[in-house]
Amino acid sequence: MGLLSDPNRRRALINLLTRLNAPICVVCYIAGVTWFMGLAFEPFTLRTYMSENAMGSTMVEERFPSGERAVATGREFAAHKKKVGGMPVEWLVKTMQARGMEVYTQRFSRTLPFPDEDKERYLVKGTNVYGILRAPRAPRTEALVLSAPCTPGDNNNQAVGLLLGLAQYFRNQVYWAKDIIFLVNEHDLIGMQAWLEGYHHTNTTGMDWSPLQGRGGSIQAALTLELSSDVVTSLDLVLEGLNGQLPNLDLANLFYAFCQKIGVLCTIQGKLQRNDWDSVSGYSHAVQTMMLMVMKQASGRPWGDHGLFLRYHIEAATIKGINSFRQYKTDTTTIGRLLEGMYRKLNNLLERLHQSYFFYLMPSLSHFVSIGYYMPAFGLLAVILLLRALDLWVQLAAPPPRTEDGVADVEQSSPGPLSVLTPLVISHLTGVALYMLPIQFQEMAVAQFPVSETEAVVLTAIAVYTSGLALPHNTNRLLSGEGTEQGWRVLKLVALLYLAVLLGCTALINFSLGFILALTLVPAAAFVTPHVPKFLSAFILVVLSPAFTLLFSVFFFQELQEMPVSFLDGWLLYLSVISQGILDHFLYGSLVYPLIALLVYPCWLLFWNILFWK
Amino acid sequence: MAAHRCSRPVWLFILCSLSVFVIAGSHDTTVTHEQRAGVVDDPQTAAETAGQTAEQTAAEERQWEATEVREATPDDAAAEKQDTPAPETVVLQSFPQPKDDFQEELVVRPLHSGDIYASFQFRTQWETDFMRGNKVSHYRLFPKSLGQVISKFSVRELHISFTQGYWRTMQWGQPFLPSPPGAELWVWFQDSVTDVDATWKELTNVLSGIFCASLNFIDSTNTVQPSASFKPLGTGNVTDHRFLRYATLPREIVCTENLTPWKKLLPCGSKTGLAVLLKSEKLFHSSFHSQAVHIRPVCQDWQCKTTSWELRQTLNVVFDLHNSGQGKREWSLFKMFSRTLTEACPLASSSKIYIDITDNPEGEQFELSPATSLLSQAVVLGDRRTFSVYDLTQPATFGSVRSLNLLIRWKSNEGHMLRPLLHAERYVAGYGLQTGEIHTLMYNYHPYRSFPVLLLDTVPWYLRLYIHTLTVTSKGKDNQPSYIHYQPSKDRVRPHLLEMLVQLPPNSVTEVTVQFERALLKWTEYTPDPNHGFYVGSSVISALVPSIVAMDTNNTRERPLFSSFFPCKEESSYFVRVYTEPLLVNLPTPDFSMPYNVICLTCTVVAVGYGSLYNLLTRSFQIEEPSPGLAKRIANVIRKMRGVPPL
């Protein structure tokens, strides 16, 4: 700080920063990306370890014997499901009651803002069935949840079978200290949302549900089970929840510990762990795993039914059974034993899971990157914005260059607040239009054009987005006349600081989203001036806009999943991703869509505006 | 059906007592008047069983019709629930009444859920006076430790219960003696006590030692003075709630260390009598466990000329058949308690086992062995129940093997329970760590009658209730409570107290909601496990519930016409206390694992960052010219004089 309080040295420092501004920015960008890619390199990451003392290594013994019976129950469930053509509520109630539980049902209904074409639903009506296994001598203050979604078709019957099998087995044990709620929810996430809202008596998304009759106190942890075959080759752990929230790392550790103990192959992001970290393929495997997590987290959508629990401060994860062509198969008894072990450990918890990390990335199931390690990558990108802002600030503070006849340009020295405010307000209004219009105009669009409701919503969104490109600088010109040299500098300064704050806040809440946005927006923000070649810059700026970021992400995600798509398929996927994003917002309260529409897009429009200054 | 009525102000409940029909199987026509000391207004101890189907009760009615005698004498108005067979009464009458007396009994009730409910009651009565400087030093049956407590702290009534688990009203019906999870203590002091709070503090500490419990955690932050919910159960008409203190510790864990001192209070200890069954390894292998001690003054005779002290020790336990029996539904004393009975407590004047066979009139539900000829019927908690009685004072009870091992073998799983008329639950709504909402749901399952309930809510100060958000709704409409007593909390001093008299419409759910804000505690105020959450004690719902017998009156097909014309009035109501589950609420909790990091970071930021930045922002910096040399200064003076600008 002594450096700054000496005017001479300060001037020298500022001179250095302004003179070398561009190279420093480039170095920072490269350093940021490199740092991020280095996170997946195993020697730089930490091994996972169990922080929670109450879940110490191997104190429980798993004895679940009746996997075969669980499979049979699953078949019975499938038969009844087929007969009823949906959730066999009566059968479930009867079966759960026979297993000695208190059984309750919850009805719910929800009209989607527009039809969901992926899942083919619009008017959703359903029933959740849950049974509470009351712990002996416990005063109903704490509970654990095991849930299995009842999905249409032949999926997930084994999960329900195993759930009922575990319920029967758990009922005969005496060691439970927390109530255990066995939940079979219909219509996957919508049912889960209804149940959670009913349980906590909140209504954040305007859903209709009947109030719950039985409760078990505050839920400490939850697991969601997805099994679609009698035997599995591996179990996959899904952590990413709503708005990129993650459960406490100890839950992942618990799963990993029991997989190791029981000898089940376990994966995360569908990727097995590899030991050859020093080889190129091993490293790229880790990068792929981590990038998949980053992409999923950035999407802000719940990647399993567990994702909705996180809002209520309930640690939750989804366990997926995967049946591939590997030789080694695991039967239902083993999975049951794994779950039994996990529940016994969770039952031992004295406090909520809080000891371990809540912010992390996982390049493999046994290694993690904590917030302290990944934040510098983002910081290096964000500092570019501050450096550019500093550069502009210095330029603005410097005396205006004298023209040849010695008269300073009078209008340059006073850009006036209007020249900054007008584009700010206009671009935000465009953002509001992007947020509101797609849903509002769907009926009109359907009436006017030969498209379905879903297409109408997506196409309206794209239309608003595109028309926004034309709107701001034209209106600005209309209102405040010709822009000045000082004017765009002030506007860019404001826009840079705005973007820095915006990305900083986003990265704190959802690192992946913040980082991906920074990757594309920071270069765009850094280079834009009215004096660069128009057409090339405009092209680059459009390519770096949020919509194209999403498009690239879609292709990149498919690439990571080793399911590359053709451009046309990718485009269709892109359209459905947009509609899903909007639906996620209205159904579960995901914040990515409003964030992009109301804040990120207007911010990008400011830079677009600067490019076309004058 | 005779009943006793006493009227009180509107929010005081009119407590009704019960009539007892005494039937000795072999002496059909002999009806014994109760000679034993009676108690007026005794809703808690009169609590017997509820939850019996109307049809079954009606069937019972017919079966016992011939033997019933309507007792109009006032004696039975103050009846106890024990039935004294004729021979014993005669014996007791022929000897001079002893000053103290001990009775023990065990009630066993097979529940519809397949569980077994066992309720022990031990009663010691002593005609003595602990008060007015009377130094009582000779103790026989009454435990000395409690006697000294009564006289030292001028206690009028003392009720203490330790409960592990939650009574599942919807599966098990009403309990004989309700109690909330954890520890509950309420005490009425004599009006001679001047400093009630200090006495209360001292008393809780003494009781903490006697019962090996954490009662010393009771302080002003969890003690309240309910204005209407807890009335004295013994003699005396004190209603000044300045002398009442009520506290619960929902977190208290009850285990063997609490059972042992409780057993030591019994005259026979756990050596003989029913107490041999109280083996902790079995008692704590159950679904519900509750033990209690009630001390109160009771009338010695029906005219209440003399009073005596009653110590009632109760222990309720529910065994889970699902856990213990491997598929076979069978119950025996040995299976449940790992002991059989060989004798009664020699000090006991009465020692009995009652088995509730109401659901099993023809023996089609279960089989009871050894069979007994002694039957007894009682109307308790508004329901008429039939019991098989085993008198342990009779040697014949133990048979030739000199040991009694009662055995119930189920024949069918059929049978459903009539829903309890009153049921309540409570939960915390909302998410996040800033605010929340407490919902209390009260269910009235009576098909056509509404009744008032008194709701008592005690909420610790760290949940700051927004009392203006209090709403009471039934059937979607606003339900105006006729009486509200609210005492706001004071931070770190006293809890919120909310008492309301609410009318529950028939067949409805009444929902009481109130929002709260979670306080941020000082760092020393957090418990060692702050992330576990903080407990809020159970709500207490006291109510006069219309009797199930009264509900039968519209079912005229199996009743004599003369008995079913007038609808039943309050006489047929019974007193019930229902406790909701306690709540576990998370408060905003700092990350205690890294205070070092926080301190370091804060100090660095303050010392380096803030100081320098403040300096930079507030000071203006100028480049100071080095002072000119002497020659230059002289030159400048000359130039100034010449009027030329200085160098």
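Show the residues, 5+ positions off or on another chain, whose built amide H is closer than 5 Å to the amide H of A:H367.
The answer is A:T48.
Tell me the angle of helix A:546-560 to the major Cα principal axis of chain A, expressed in degrees between 0 and 90 and rounded to the nearest ten.
40
Excluding residues on the same chain fewer than 8 positions from B:K99, give the lysines whose Cα lies under 20 Å from its Cα.
Those lysines meeting the cut-off are B:K135, B:K144, B:K305.
When only alpha-carbon atoms count, how far does the range B:100-410 stretch along each of its three principal axes, as whole angstroms with the largest first?
For the range B:100-410, the Cα extents along the three principal axes come out at 60, 38, 35 Å.
Could you pull out the pairs from A:K345/B:K522; A:K94/A:K178; A:K125/A:K271; B:K152/B:K264 whose alpha carbons sit more than 25 Å apart here?
Violating the 25 Å Cα-Cα cut-off are A:K345/B:K522; A:K125/A:K271.
Amide H neighbours of B:R426 under 5 Å, counting only residues 5+ apart in sequence or on other chains, H built in-plane at 1.01 Å?
B:L441, B:E581
Can you check what the net charge comes to around A:Q193, using other residues whose Cβ is under 10 Å from the Cβ of A:Q193 (Lys, Arg +1; Asp, Glu -1)?
Neighbour charge sum, excluding A:Q193 itself: -1.
Expressed in whole Å with the largest first, what are the equivalent ellipsoid semi-axes of the range A:264-405 derived from the C-alpha gyration tensor as the square root of 5 times each eigenvalue?
So the equivalent ellipsoid measures 46, 21, 13 Å along its semi-axes.
Can you bin the range B:182-309 into rounded, prolate or oblate? Criterion: square roots of the alpha carbon gyration tensor eigenvalues sorted a ≥ b ≥ c, rounded for a/c under 1.5, prolate for a/b above b/c, oblate for the rest.
It comes out oblate by the Cα gyration axes.
Quick one: net charge around B:E581, please, counting Lys, Arg +1 and Asp, Glu -1 for every other residue with C-beta under 12 Å from its C-beta.
Computed value for this residue: +2.
Can you tell me how much longer the chain between B:T513 and B:S620 gets when fully stretched, taken as 0.36 nm per residue apart minus their C-alpha distance, in nm with one decimal?
Between B:T513 and B:S620, full extension yields an extra 32.6 nm.
Starting from the 7 Å offset along Cα-to-Cβ, what nm value, one decimal, do you get for the label separation of B:E330 and B:H468?
6.7
What ranking do B:Y443, B:Y610 get, fewest neighbouring Cβ atoms within 10 angstrom at the top?
Arranged by neighbour count, lowest to highest, B:Y443, B:Y610 become B:Y610, B:Y443.
Could you check how many percent of all C-alpha pairs in the protein assembly as shown are farther apart than 44 Å?
In whole percent, the share of Cα-Cα pairs in the protein assembly as shown beyond 44 Å is 52.
Between the alpha-carbon centers of the range B:194-269 and the range B:433-472, tell me the distance in whole angstrom.
What the calculation gives is 25 Å, centre to centre.
Which value at 222 nm does the protein assembly as shown reach when only helices count, each DSSP H run of 4 or more adding -39,500 (n - 2.57), with the total divided by all residues and rounded to the nearest 500 deg cm²/dmol?
-11000 deg cm²/dmol
Among the lysines, which have Cα under 29 Å from the Cα of B:K632 when same-chain residues fewer than 8 positions away are ignored?
B:K640
Which peptide among A:191-198, B:281-288 comes first, and what is the full order, when sorted by highest mean count of other Cβ atoms within 10 Å?
Per-residue Cβ counts within 10 Å, averaged per peptide and sorted highest first, yield A:191-198, B:281-288.
So how tilted is helix A:89-98 from the main axis of chain A? Cα-based, degrees 0 to 90, rounded to 10.
Rounded to the nearest ten degrees, it is 60.
How large are Rg and Dmax for chain A when calculated on the C-alpha trace, in angstrom?
27.6, 98
Under 19 Å Cα to Cα from B:K335, which lysines show up? Leave out anything in the same chain fewer than 8 places away.
Hits, sequence-local ones excluded: B:K279, B:K282, B:K411.
Going by alpha carbons, how many degrees (0 to 90, nearest 10) lie between the helix axis of A:280-299 and the longest principal axis of chain A?
90
Taking amide H positions as placed in the peptide plane 1.01 Å from N, state which residues far from A:K271 in sequence (5 or more) or on other chains have amide H under 5 Å from it.
Here nothing satisfies the definition.
Ranked highest first by average number of other Cβ atoms within 10 Å, how do A:95-101, A:115-121 line up?
A:95-101, A:115-121
Based on other C-beta atoms within 10 Å, arrange B:T524, B:T128 from fewest to most.
Starting with the residue having the fewest Cβ neighbours, the order is B:T524, B:T128.
Every number here is computed from the coordinates shown, using simple stated rules; none is lab data. Remember, it's a predicted structure, so these values are computed and weren't measured experimentally. Positions of Cβ are generated from backbone atoms using ideal geometry, with glycine treated the same way; all protein chains shown enter the neighbour counts.
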